[in-house]
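Scroll down for the structure; my scribbles are underneath it.
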Amino acid sequence: MRRPVRLRTAAVVGAESGDLPAQLATLADEYAADVAVIVVGGNDVTHRVPLSASVAHLQETIAQLRSRGTEVVVGTCPDLRALRPVPQPLRSLAARWSRQLAAAQAIAVAREGATAVDLRRSVGPLFLAQPNEMFSMDRFHPSALGYRRMAEALLPALVAALRTPDR
């Protein structure tokens, strides 16, 4: 399927799920995309945002987008056990919290009629096996290749969302 694509982003580096409403507000109220992609959670874990609050912000944002007629694809919280600069036992805690958040996000995403992509399973092994290539210089954020692999993991769900009957 070939079709022109216009990309708009409201993403902000360092944002948490609580920032999603403000990010959505940067788009005009009448703006309705065919599909929106949300990847959130890592900063929620590292900043210890309560799981219930994180999921509630995500769910509200999905509901708003869906009310505009927008299909939504969510990349769930990535696997934070790949953050090697974080010392143990904190890395193990972050890994457990990231798994819990990803699972809760997947449930909330399904509840709102959106599509979840499990980034822990789809790209987590790459980040664990190739940290020098997958992470940027700060060892926390993905490198260009890491973001590319995440985009490749999200792409099938994105294409499927565009193939819904009303698209």
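The values are calculated or read from the model by the stated rules, or taken from the named source; none is laboratory data. As the structure is a computational prediction, the values presented were derived from the model and not from experiment. Using ideal geometry, Cβ is built from the backbone for each residue, glycine included, and neighbour counts are taken over all protein chains shown.
Residue by residue through the range 132-155, note down the ones that are of a type in the set (Lys, Arg) and crowded, with 18+ Cβ neighbours inside 10 Å. ARG149, the sole residue that qualifies. Counting only residues that are β-branched (Val, Ile, Thr) and modelled with pLDDT of 95 or more, the range 74-98 holds 2 of them. Filtering the range 156-167 to residues that are assigned to a helix (DSSP H, G or I) and either exposed (fewer than 13 other Cβ atoms within 10 Å of the Cβ) or in contact (Cβ under 8 Å) with a residue 60 or more places away in the chain (or both) leaves ALA157, LEU158, VAL159, ALA161, LEU162.
If you filter the range 17-40 down to residues that are free of Cβ contacts under 8 Å to residues at least 24 places away in the same chain and aliphatic (A, V, I, L, M), you find that the one that is surrounded by the most Cβ atoms within 10 Å (Cβ to Cβ) is LEU27.
In the range 55-64, which residue that is of a type in the set (A, V, I, L, M, F, W, C) and within 15 Å of the chain's Cα centre (by Cα) is farthest from GLY42 (Cα to Cα)?
Here the answer is ILE62.
Of the helices (runs of 4 or more DSSP H) lying entirely inside the range 41-131, the ones with 2 or more residues being surrounded by fewer than 18 Cβ atoms within 10 Å (Cβ to Cβ) and among the hydrophobic types (A, V, I, L, M, F, W, C) are found at 51-67, 90-111, 124-129.
Reported count of residues in the range 28-56, each being farther than 25 Å from PRO156 by Cα and modelled with pLDDT under 85, is 3.
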